[in-house]
Structure formats: C-alpha cells, structure tokens
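The values are calculated or read from the model by the stated rules, or taken from the named source; none is laboratory data. This is a predicted model, so every value here is computed, not measured. Note: ideal-geometry Cβ built from the backbone for every residue, glycine included; neighbour counts use all protein chains shown. Calculation scope for accessible area: heavy atoms of the full protein, side chains included, ligands and nucleic acids excluded. Shrake-Rupley method; radii C 1.70, N 1.55, O 1.52, S 1.80 Å.
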Amino acid sequence: MVEPAHLVVAPILIPLVTGALMLFFEDRERRLKTALSLVSILALISIATALLNTVHGGGHAASLVYLVGNWPAPIAISLVADRLAAVMLLLTALLALPAMIFATQRWEKVGPHFHSLFQFLLVGLNGAFLTGDLFNLFVFFEVMLAASYGLALHGGGALRVRGGLNYIVVNLVASLIFLIGIAMVFSAAGSLNMAEIALRAESMQGFALPALHVGLAMLGLAFLIKAGMWPLGLWLVPAYSAAAGPVAAVFAILSKVGVYALLRLALLVPNEGIAFGSLVIFIGGVATLVFASIGILASQSLKRAAGYFVLMSSGTLLAAFGMSQSAVTAGALFYMLSSTLAVGAFFLVVELIEREQDAASSVLAVTMEAYGEGEEDMEEEEAEVGRTMPGAVAILGIGFCLLAMVLIGLPPLPGFLAKFAILTALLGPEASVPAASNFMRGTLAVLLIASGVVSLVALSRAGIRVFWAPVEPFLPRITVTETAPILYLLGLLIALVLAAGPAMNLFLATADDLHHQVRYLDAVLGAERVPPFAEAHP
C-alpha cells in the first residue's frame, strides 16, 4: 500500500514526466500530445482531490510532509501538503483542464511545443505550492516563469511580442531580487527551510535580525511584483491581454502564486515584523484595487478589461490578507477561488468575442501551414470536432452575463458570497480585527462595494456594445470544443454556490491554520523518515 505522503510528490512528477515525454514526438502528433496532456491533468485533479480529502477530511489540522531523499527534517527538502496547498493544487488543475481543451481547437497549432510548455508550467505551479524550502520555491518559480515566457509569446504578433518581452524583463528583475533575498535570509538564519527559519528567528539577536528582516523584505518585494501590486504590476495587463485566450485563462492563477508565497512567508516571520508588513500589504492592495477599478472603466477592449480584473482580484486579496484576521482571510480565500475561475472563463469568452481583432489571426493560416496544418487537415479537424454551434450569440451572451454577475459580486453567485463573507468579518457584530483600525475596515468595505459598482458599469457598457447594439453584425463562429470549457467553468462556479457551506468551513479551517503557524512548524520539523522497505515489510 502506498504511503499517503508519497502522493505529495505526484503533482510535480506527473506533469514533469508528461512534458518531457512529449518532447520526443513531433508537433504533428497533436492527437497523441492532446491525449497525454488531458490524462496528466485529470490525474492531477484526482490527486489534488485525494490530498484535500486527506488533510481536511478528518475535520482537524493535518499536513502531509514528503522528505525528498528520505533525509531527516529539516535537512531534507520538504514538500508540504496542508489545506492551503491542497486547495491551490486543485484550483490549478481545475483551471488547466478547460484551458487545454480550448487550446486544442486552435492555439496548439500556431507554435511548437505548446503541450510541453503547458505541462512544465504546471510543474512550476504545483512545486511552488508544495515546497517548504525557500531555494526550491525560487527553482519552481523559475520553472513556472520559463514556461510562461514561451506561452506568453505563443502565436506571434507584434502586440504579443511587445507585451511578452515586458513581462519577461520585469520578472527577470524580480527573480534577481528574489535570489538576493534568499542569500540574505540564509546568511542570517543559516537555513532555507521556512519552518526552521521561523523557529530560529524567535531567538535571533544582533546583526542577524535586521539582516533577516531586509532579506524577507526583498522576498516580499519579489512576491509583490509577481502578484501585480501597483505600481509594481504595470506589466501585467499588457502581457495578459496580448496572450492567447487559453494561455491568459491559466495565467489567471499566476498572480495568485505571488499572493500565496507572500501569505505563506508573512505568517512565518517574527511577530514584531508582521505589523509593518501587513500595513504595507494593505496599502498596496488598496492602491491596486483603485488602479484596477480605474483601468476597467477606461478599457475599450474586453481583453484589457480582463487583465484589469486580474489586478482587481490581486488587490482585493492583498488588502484582505493585510488585515491579519482569520475570518477575513477565510473570506479572501473564497474570493480567490471564485475570482480565479471567473476570470479564467472570462478570458475564454473574450477570446471568442474578439477573435477577429486578435493580432495573431492574420498569421494563423501561415503558422498552421508551417506546422503541418493544410486545408485538408483543417477540414478533417473541423469534421471531427463538430460544426459551428447553433445559437452562438445566445451561448456567449448567457456566459458573459453569468460571468459578469460573478465579477461584479451579484447574488446568488460565488462572487457575492465571497464579498459578503469578507464584509461580515469586517463589519459584522462578531468582527474583531485587532491589528486594524476602523479606518482600514471602512476603507476596504467601501472599496469592495465600489469595485462592484465599477465592474457593473464597465461590463454593462461592454455587453450593450457587443450583444445589444453592435456597430457591425456580430456572428461568432464557435465549436463544441470551444464552448464546453466555458460551460465547465460556469458549472464549477454554480457548484461552488451549492457547496458554499462546506467550502466556507474549509476556508475557515485553512485560515485558522495559517494564523496558528505552530501547526505548520510542528508538521515540518516533526516529520519522520520513511522506514526502509525491509523494516516496513518484515
């Protein structure tokens, strides 16, 4: 029987092996590569679900720790699956599936190694969520970013190249800051294991303590760049809005990696360092939320509006996490899940609405021919997938309206439930945020409501322009392969409403774990080595 802890390494190994294996096949073998990709993602969904059931099923705090190489803690590189990591793994896999299916209709054909890059992106994402070691967090960040560079430029076009190059340059600078921060933390603490750093920080004296604080501040700066906090996230909207639809959809979770890393690290630093860090995060989140709201109102393109919705999500999360209160954190985790799924689906809908305006459309036929997709192949592919969907305008219109309701925060969809949970924690009769002033609580509450109003105005205007009174006749040509992923994500959002009670219980337990970091420390530092096979099976 397989030890449950061995499941922890599977979300890294499965896409790594799958991506490497597909490099041995030519890009013309698209059916085989598609099948391998889908099998890999479905396996990730199953494993993430099993991990979540294991760490949360008993109703008590639990963590699975995998010691790489079976070295003792804290010497070993630790992979830790707790509630937060399991939720992020499941969210990544659930978002990757519709993005991959959507890409098989069109985008996998316009450049080399799309499937391998997609799998390596999942390796970096899953590894970043699981690692308990700072240097390996950097390694997985770089794997994720290297794959995202190729995907951001996938399909060509001047706009995509310009936005992609800005994305690459900014993230390379962030990676350099990240590496310098790691070096400073290691020089001060003598360890890269996050749990051991938190333990040693409690007894640090002299020069080591300010050196640790500076190193952590540099790490925080790198994470905030990746999270898209204003003014560090000006690269995000041009890069995301220029990327291919399915790529932008899965990119919706990339900014959450920065938020995740920041949240994980902030709750492991000495208590005297949390107050300043929380205030900075709160102010940055508020500024990002204001900037994103203005950007959404000013956007004339739905793709740019979708990019600003990513920033709005990051700003809301940063401001909520900056309150340093368990109930607010739980509502923010609910919001993170609903907003990520909604923004991912919104990118797919916008891809279909603005397809003719895509910079890559003019070169699509050339690139498809270059990679072995002639007219006969195109006709065969269309015949296999199915003819154009009837009632395409109605399908897109309904999908657009439902996603708009989630992004605005209208009842009864999960966007409303998430914001209501945050507002209840801030302003309800049992609200208690000792680290925050009444001004901070009121500011966040007002901005949550105001951002919904701004989204209502912007999306109503866009909906009228596209569906009600278009300048030119709007006759989209979509297929089942492109419609099914959007319906799938809408189904997940509706399921989240139906399971709001259990989901909120999960997020409350996750937030409680995060704000009582001793549980994480005990799990990592108390992890036991797996006994030799001969001892385990006498």
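Data table
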| read-out | value |
| --- | --- |
| Nearest-10 value in Å² for the accessible area of MET405, using the 1.4 Å probe | 60 |
| Accessible area (Å², 1.4 Å probe, nearest 10) - TYR149 | 30 |
| Only Lys, Arg (+1) and Asp, Glu (-1) charged, at Cβ; segment 69-198 dipole about Cα centre in debye | 520 |
| Candidate lysines for bridging to LYS419, where Cα separation is under 28 Å - those fewer than 8 sequence places away on the same chain excluded | LYS226, LYS256, LYS303 |
| Correct option for Rg/Rh (Cα atoms, Kirkwood Rh) [calculated from the coordinates] among (i) 1.05; (ii) 0.96; (iii) 1.31 | (ii) |
| Reachable lysines, given that their alpha-carbon falls under 23 Å from the alpha-carbon of LYS33 and they are not under 8 places away in the same chain | LYS109 |
| Per-pair calculated FRET efficiency, R0 = 41 Å: LEU13 and PHE207 via Cβ, rounded to 0.05 | 0.50 |
| Value at 222 nm in deg cm²/dmol, rounded to 500, when DSSP H runs of n ≥ 4 in the chain each add -39,500 (n - 2.57) | -24000 deg cm²/dmol |
| Charge dipole of the chain about the Cα centre (unit charges at C-beta), most positive-ward option of GLY463, THR443, GLY331 | THR443 |
| Evaluated over segment 1-160, the Cα radius of gyration and Dmax, each in Å | 16.5, 54 |
| Positive-pole candidate from HIS213, ALA242, ILE253, dipole of the chain, charges at beta carbon | HIS213 |
| Span-like helix ranges in the chain, DSSP H, alpha carbon extent 20 angstrom or more, Kyte mean at least 1.0 | 30-56, 83-103, 114-130, 134-152, 158-189, 208-227, 271-298, 302-321, 326-353, 392-408, 438-463, 480-498 |
| Per residue, in Å², the accessible surface of segment 146-288 once ligands and nucleic acids are set aside, probe 1.4 Å | 34 |
| Protein accessible area in the chain, 1.4 Å probe - carbon and sulfur % | 69 |
| Normalised convex hull volume, segment 204-350, alpha-carbon set, Å³ per residue | 92 |
| Cβ-placed point charges (K, R +1; D, E -1), dipole of segment 1-123 about Cα centre in debye, nearest 20 | 340 |
